[in-house]
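Student: Provided herewith is a single structure, encoded as structure tokens, for subsequent inquiry.
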Amino acid sequence: MEKEKPTSEFDLITDLTNFRLKMTELDTLTISFDHSVCTYQGYERIEITKQSDSFNIVSNFKNLTFEENPKWETIYDRKISKNDTIWKFEQFLKRNEKRKNTHQTKRAILMLTDKEDTIRYSTDGLVDLNRFLADYYETMKKIYPENKNGIYGVEIVEE
């Protein structure tokens with residue numbers, strides 16, 4: 001008798017804003033985020049995997065603005081409980097539902113991928129892009145408060 005291969009019921013399209021409950025150890029959620037604004041070019045790739053009752057979140061970043069041979073650098077590697085209440089990424093996705101699109105022509109700022117499925121989020125103009133970046137940065141600073149290299153924005157200190 002052939003042993004059945006375990007399969008995952010996780011469906012990126014329907015379970016995205018609830019991925020912590022729906023993901024299994026067979027899934028890898030890949031997040032690609034384009035940090036580029038005006039003359040700055042930076043890209044982030046995050047991999048989320050499940051391990052029993054926790055999630056492993058690894059962020060890699062590539063800055064193309066000043067680098068001659070940009071390389072992906074690991075920025076952080078975090079483990080959070082599936083019951084974590086500090087990093088509210090699913091709420092961020094829900095808040096930005098209107099940015100979700102199927103148009104390949106629009107520049108995707110955020111792309112989420114699992115197996116063959118991809119969801120793209122895009123913005124409409126510079127003001128909208130800056131709002132989206134600010135929301136993303138605030139969300140991501142919860143999982144990476146150190147914010148080394150200012151990948152999640154820099155604090156503006158007023159004298």
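The values are calculated or read from the model by the stated rules, or taken from the named source; none is laboratory data. Quantities reported herein were computed from a predicted structural model and do not represent experimental measurements. Virtual Cβ from ideal backbone geometry, glycine too; neighbours counted across all protein chains shown. These accessible areas exclude ligands, DNA and RNA; they are computed on the full protein's heavy atoms, side chains included. Shrake-Rupley method; radii C 1.70, N 1.55, O 1.52, S 1.80 Å.
Student: Within segment 115-131, track down each residue that is crowded, with 18+ Cβ neighbours inside 10 Å and not hydrophobic (A, V, I, L, M, F, W, C).
Tutor: Arg120, Tyr121, Ser122, Thr123
Student: Tell me, yes or no, whether segment 71-82 has at least one residue that is polar (S, T, N, Q) and in contact with a strand residue (DSSP E or B) (Cβ under 9 Å, 6 or more places away or on another chain).
Tutor: Step one: of segment 71-82, the residues polar (S, T, N, Q) are 74, 81.
Among the residues that remain, those that are also in contact with a strand residue (DSSP E or B) (Cβ under 9 Å, 6 or more places away or on another chain) are: 74, 81.
Looking for residues that are polar (S, T, N, Q) and in contact with a strand residue (DSSP E or B) (Cβ under 9 Å, 6 or more places away or on another chain), one finds at least one in segment 71-82, hence yes.
Student: What single numbered condition from (1) buried (at least 16 other Cβ atoms within 10 Å of the Cβ); (2) touching a residue at least 60 places away in the same chain (Cβ under 8 Å) fails to hold for Val37?
Tutor: (1)
Student: Sort out which residues of segment 1-18 are more than 24 Å from Lys79 (Cα to Cα) and either open to solvent by less than 30 Å² (accessible area, probe 1.4 Å) or touching a Lys or Arg at 6+ places or on another chain (Cβ under 9 Å) (or both), and write them in order of number.
Tutor: Thr14
Student: Further question: Quick check on segment 40-53: of everything there that is charged (D, E, K, R) and without any contact (Cβ under 8 Å) to a residue 60 or more places away in the chain, which residue is least open to solvent (accessible area, probe 1.4 Å)? Spell out how you get there, then give the answer.
Tutor: First pass over segment 40-53, keeping only residues charged (D, E, K, R): 44-45, 47, 50, 53.
When the remaining residues are screened for being without any contact (Cβ under 8 Å) to a residue 60 or more places away in the chain, the result is 45, 47, 50, 53.
On the way: Arg45: 92, Glu47: 93, Lys50: 35, Asp53: 92 Å².
It comes out as Lys50.
Rundown of residues vs (1) acidic (Asp, Glu); (2) surrounded by 15 or more Cβ atoms within 10 Å (Cβ to Cβ); (3) under 13 Å from the mean Cα position of the chain (by Cα), yes/no style:
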| site | (1), (2), (3) |
| --- | --- |
| Tyr136 | no, yes, yes |
| Ile143 | no, yes, yes |
| Asn149 | no, no, no |
| Glu155 | yes, no, no |
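Student: Which one of these is closer than 20 Å to Lys22 by Cα, in a loop (DSSP other than H, G, I, E, B) and aliphatic (A, V, I, L, M): Ile86, Ile119, Ile48? Lay out the reasoning, then the answer.
Tutor: Details: Ile119 fails: in a loop (DSSP other than H, G, I, E, B); Ile48 fails: in a loop (DSSP other than H, G, I, E, B).
Only one candidate passes the filter, namely Ile86.
Student: Considering segment 23-45 alone, what residues qualify as being among the acidic types (Asp, Glu) and either in contact with a Cys (Cβ under 9 Å, 6 or more places away or on another chain) or in a strand (DSSP E or B) (or both)? Working first, answer last.
Tutor: Step one: filter segment 23-45 for residues among the acidic types (Asp, Glu), giving 25, 27, 34, 44.
Hits for segment 23-45 are Asp34, Glu44.
Student: In segment 54-71, how many are open to solvent by less than 90 Å² (accessible area, probe 1.4 Å) and either outside any strand (DSSP E or B) or not hydroxyl-bearing (Ser, Thr, Tyr) (or both)?
Tutor: So the count comes out to 11.
Student: Can you say whether Ile80 is within 25 Å of Thr28 (Cα to Cα), at pLDDT 95 or above, aliphatic (A, V, I, L, M) and part of a strand (DSSP E or B), as far as the supplied structure shows? Talk me through it step by step, then tell me what you get.
Tutor: Values: within 25 Å of Thr28 (Cα to Cα): yes; at pLDDT 95 or above: yes; aliphatic (A, V, I, L, M): yes; part of a strand (DSSP E or B): yes.
Yes.
Student: Please work out if Leu21 is among the aliphatic types (A, V, I, L, M) and open to solvent by 30 Å² or more (accessible area, probe 1.4 Å). Walk me through how you get there before you give the answer.
Tutor: On the way: among the aliphatic types (A, V, I, L, M): yes; open to solvent by 30 Å² or more (accessible area, probe 1.4 Å): yes.
Judged against the criteria, Leu21 is a match.
Student: A further question follows. If you scan segment 89-114, which residues turn out to be charged (D, E, K, R), part of a helix (DSSP H, G or I) and open to solvent by less than 30 Å² (accessible area, probe 1.4 Å)? Outline the logic, then answer.
Tutor: Going through segment 89-114, the residues charged (D, E, K, R) turn out to be 90, 94-95, 97-100, 106-107, 114.
Now drop any that are not part of a helix (DSSP H, G or I), which leaves 90, 94-95, 97-99.
Once the filter is applied, which keeps residues that are charged (D, E, K, R), part of a helix (DSSP H, G or I) and open to solvent by less than 30 Å² (accessible area, probe 1.4 Å), segment 89-114 yields Glu90, Arg99.
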